[in-house]
1. If you check A:Gly155 against the conditions, is it of a type outside the set (A, V, I, L, M) and modelled with pLDDT under 90?
2. Based on this model, can you work out whether B:Ala115 counts as modelled with pLDDT under 90, surrounded by 19 or more Cβ atoms within 10 Å (Cβ to Cβ) and away from chain A (no Cβ under 13 Å)?
3. Give the residues of the range A:74-94 that are in contact (Cβ under 8 Å) with a residue 12 or more places away in the chain and open to solvent by 30 Å² or more (accessible area, probe 1.4 Å), sorted by residue number.
4. Counting only residues that are in a helix (DSSP H, G or I) and open to solvent by 20 Å² or more (accessible area, probe 1.4 Å), how many does the range B:21-45 have?
5. What is the residue count in the range B:46-62 for residues that are surrounded by fewer than 24 Cβ atoms within 10 Å (Cβ to Cβ) and of a type in the set (Gly, Ala, Ser)?
6. Can you name every residue in the range B:65-83 that is more than 7 Å from chain A (Cβ to nearest Cβ) and either assigned to a strand (DSSP E or B) or in contact with an Asp or Glu (Cβ under 6 Å, 6 or more places away or on another chain) (or both)?
7. So, in the range A:164-222, exactly how many residues are without any contact (Cβ under 8 Å) to a residue 40 or more places away in the chain, of a type in the set (Ser, Thr, Tyr) and assigned to a helix (DSSP H, G or I)?
8. Looking at A:Trp57, A:Trp2, can you tell me which residue is at pLDDT 85 or above and surrounded by 20 or more Cβ atoms within 10 Å (Cβ to Cβ)?
Amino acid sequence: MWRDALLVAGKDLRIELRSRVALWQVLPVAVLSLVLYAFALGPVRHTLADAAPGLFWLAVLFSTVLATQRSFAIEAGEGTRDGLRASGIDPAGVFLGKAAAVAAELIALQVVLWAAMTVLFGVHVRVPWLALVASVLATIGLAAAGTLYGALSAGLRVRETLLPLLVLPVLAPVLLAASRTWAGALSGSVSDGVSWLRVLGPFAAVYLVIGIVLYGPLLEAG
Amino acid sequence: MDHVVLLRGAVALTGRFPALSGVDLSVGPGEVVSVVGANGAGKTSLLRTCAGLVPVRSGEAVVLGIDLREDPPSVRRRVGLLGHAPSLYDELNALENVRFALRAAGSPADRVGPALERVGITGRLTKTPVAGLSAGQRRRVALAVLVGRAPELWLLDEPHAGLDPGARGLLAELVAEAVAGGASVVFSSHEPELAGAMSDRQVAMAGGRVADVTEGSRRGKLSAVGEGGTHVA
């Protein structure tokens, strides 16, 4: 399973590096959304600073949908989905590999978004480890749930519009918990932030397990 | 093993739609079977079913001694399917595509170079993203995956489509080599004469069933051109 996961993640990331869809489409949309949020909230610094964690994770959330759609668009080419199934590769490995590739893209995206947020909103992280742990757990949860629902909608003709409809409500707890943890990391309130890690950790673990178990049947059904 | 493929009254569905409506077919070790029929007759469904990609709902379906209704993943690991579409990633080059496919199937990575060379994809073509290759060259890259995997059962869906005469000759050679290595081959075609010349038996399909079975002339042809001859026009 792990060997297959590495293989699929390497393949997806290599394709992404070649096509640069994440670089030229997903990343600009995420940064642009931050800029637009800043416009919408006005120039009052403390309003922007207060809203920053939520806006940051909202941008990450929408980027997750785009990255997931892209991840499954890779397999929408002529016969590639069949090719993957016909190879006899472990479906759990495919799930973990695709989720890992999406997670890697989301981590890179968060680095850029964090820099943009620092400039636009004038915020600084006071407890870096808390922000880092929250980012890692939230990213795993987003990538796992996104990949699972991506597989669910992959075989459907309406997948582009169906995926956001399915996955955004599911990801709402991550949005809430990651925003609150980051709020704690920005304000220096460690205890407030840590309590929300108890949501992020189990969410990531549960969706990883569900994905490993259900991805095979989903591929078969697709 | 008496039969590489044994289907008895096999019914398969693609989603809610019937793909096979009670197919009876057997393929022996080292046998080459061609499948002909009009569009929608069930040729592709038959091959995909044998590859473990279409679930069998009823009837008997055993491939390489494995019950397709119980363990399709084990079948997939041992058969090779060349689908109508070449199953390649456009952004990856030929080398990367074949390497990925072989690793995914658990085949040794050192077969990648020889496999590509065998199908005539060499030099700069190996480093060209497959989106930049012609349809025939993409087909050759897809064939290289089968050559590298060396499966026990080759399933080829309209393998002649889009191939020039040279590539058709190569395909005939690869089929002959696979059979010489102990594999069986089932392929579909819209060219009954060519298919008959390349196969031991020809199966005509209609409405998701086997409508007729006739003798092919592969062995006769091979004996006529001598040992190692693979001259199928």
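1. Spelling it out, A:Gly155 is indeed of a type outside the set (A, V, I, L, M) and modelled with pLDDT under 90.
2. No; evaluated as a whole, the condition is false for this residue.
3. Matches in the range A:74-94: A:Ala76, A:Arg81, A:Asp90, A:Pro91.
4. 2
5. 2
6. Result: B:Ile66, B:Asp67, B:Arg78, B:Val79, B:Gly80, B:Leu82.
7. Number of matching residues: 2.
8. Numbers: A:Trp2 fails: surrounded by 20 or more Cβ atoms within 10 Å (Cβ to Cβ).
Of A:Trp57, A:Trp2, the one residue that is at pLDDT 85 or above and surrounded by 20 or more Cβ atoms within 10 Å (Cβ to Cβ) is A:Trp57.
The values are calculated or read from the model by the stated rules, or taken from the named source; none is laboratory data. Remember, predicted model here, so these are calculated numbers, not experimental data. Methodologically, a virtual Cβ is constructed for each residue, glycine included, from the backbone with ideal geometry; neighbour enumeration extends over all protein chains shown. Heads up: the accessible areas ignore ligands, DNA and RNA and are worked out on the full protein's heavy atoms, side chains in. Shrake-Rupley method; radii C 1.70, N 1.55, O 1.52, S 1.80 Å.
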